Amino acid sequence: MDIGKVRELVKLVEESGIEELEISHLDTTIRIQKSAGHVAAGPAMMPAPMPMMPAAPAAAAGAPSPEAAPAASADATRGKWKDVRSPIVGTFYRAPSPTSPNFVNVGDHVAAGQPLCIVEAMKVMNEIEAEFGGTVKEILLEDGSPVEAEAAMFLIDPD
């Protein structure tokens, strides 16, 4: 392995939420592990505590606030949606190239086997397909953002 590939692996670990990565190729094994709390020099920096904000005045007892009803309804609706998860760690792309249209947008109907996005891992473009048909309700990642294995990428209302 060349040093450029090792640097890419280190960057991947730093940008993602994974704590450890181990890769073996032929007779070489590379292990990259984040060390929590390790400080090379100087004292550890602790974040300042956030000031407590006073609680908002409570609504009249027995009457739900107008915002609470739609939120509860949205959560109930959201409960029947299925998520599409990333099978690998990589970078999430909504289109096959920067000049191409997105594979899918919110509100689009998708069929099983239809491409939804690409997850790039180690310079390999992995096309992620829908496992079931339905309507795309939410896209949970920004284009070009890192994604972890098993992280939800889409919420779909199944047919």
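A few points about this structure:
- Looking across segment 107-159, just one residue is in contact with a His (Cβ under 9 Å, 6 or more places away or on another chain) and touching a residue at least 40 places away in the same chain (Cβ under 8 Å), and that is G134.
- Long-range neighbours under 7 Å by Cβ, at least six apart or interchain, first residue in a strand (DSSP E or B) within segment 79-91, second small (G, A, S): D83/A152; V84/A130; R85/A151; R85/A152; G90/A121; T91/G144
- The lone exception for P54 - which of (1) at pLDDT 95 or above; (2) part of a loop (DSSP other than H, G, I, E, B) it fails: (1)
- Residues (over 25 Å from K80 (Cα atoms) and more than 17 Å from the chain's Cα centre (by Cα)) located in segment 111-124: M122, K123, V124
- V104, sole failed condition from (1) at pLDDT below 95; (2) within 14 Å of D157 (Cβ to Cβ): (1)
- Selection within segment 93-133: residues that are assigned to a strand (DSSP E or B) and among the charged types (D, E, K, R). The member of this set that is surrounded by the fewest Cβ atoms within 10 Å (Cβ to Cβ) is E127.
The values are calculated or read from the model by the stated rules, or taken from the named source; none is laboratory data. Everything numeric in this text was worked out from a predicted model, so none of it was measured. Note that we place each Cβ from the backbone using ideal geometry, even for glycine, and neighbour counts take in every protein chain shown.
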